[in-house]
Amino acid sequence: MNIQTEVFGDVLVVHTPEEFSEETADSVRQCIEGMGFCRVVADLDGTESIDSEGLTMLLNLHELLRTRGGDLKLATANTVNRKILEITRLDRELEVFSGLVEAVKSFRAGL
């Protein structure tokens, strides 16, 4: 599976696949871990469905990055994805931004 990424300084942006599920979550995790960044934004705008494995991977990755001195932030304007994050309360664990630029810039605010 080809995971689309972008790099903005020391921030890795990962565009999650259309179906963020058990079949794709591990590929996303491996991509992120393999690139070695501690500051990551997961762009969920192109994602049409997220299952429990996708959500679990995001939470586990968040914890891993935090232990390494980094963080995982989410970007999505998709109302369905935002509702899923709200219902599962992941929006209380992870910072969720409406836009990709806003999420990337938030790492600069903490410096």
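A few points about this structure:
- Filter result for Val7 (part of a strand (DSSP E or B), of a type in the set (Val, Ile, Thr), at pLDDT 90 or above and crowded, with 20+ Cβ neighbours inside 10 Å): no
- Count of residues meeting criterion [aliphatic (A, V, I, L, M) and within 13 Å of Asp51 (Cα to Cα)] in the stretch 11-40: 1
- Taken over the stretch 1-46, the criterion of being in contact with a helix residue (DSSP H, G or I) (Cβ under 7 Å, 6 or more places away or on another chain) and among the charged types (D, E, K, R) is satisfied by Glu22, Arg29, Arg39, Asp43.
- Among the residues listed as Gly54, Gly46, the single one being part of a helix (DSSP H, G or I), closer than 18 Å to Met1 by Cα and small (Gly, Ala, Ser): Gly54
- Residue in the stretch 22-44 that is of a type in the set (Lys, Arg) and surrounded by fewer than 15 Cβ atoms within 10 Å (Cβ to Cβ) present: no
- Every residue from the stretch 45-57 that is of a type outside the set (Val, Ile, Thr) and either within 9 Å of Phe20 (Cβ to Cβ) or crowded, with 21+ Cβ neighbours inside 10 Å (or both): Glu48, Ser49, Asp51, Glu53, Gly54, Leu55, Met57
The values are calculated or read from the model by the stated rules, or taken from the named source; none is laboratory data. Owing to the predicted nature of the structure, the values given are computational and were not obtained by experimental measurement. Note that we place each Cβ from the backbone using ideal geometry, even for glycine, and neighbour counts take in every protein chain shown.
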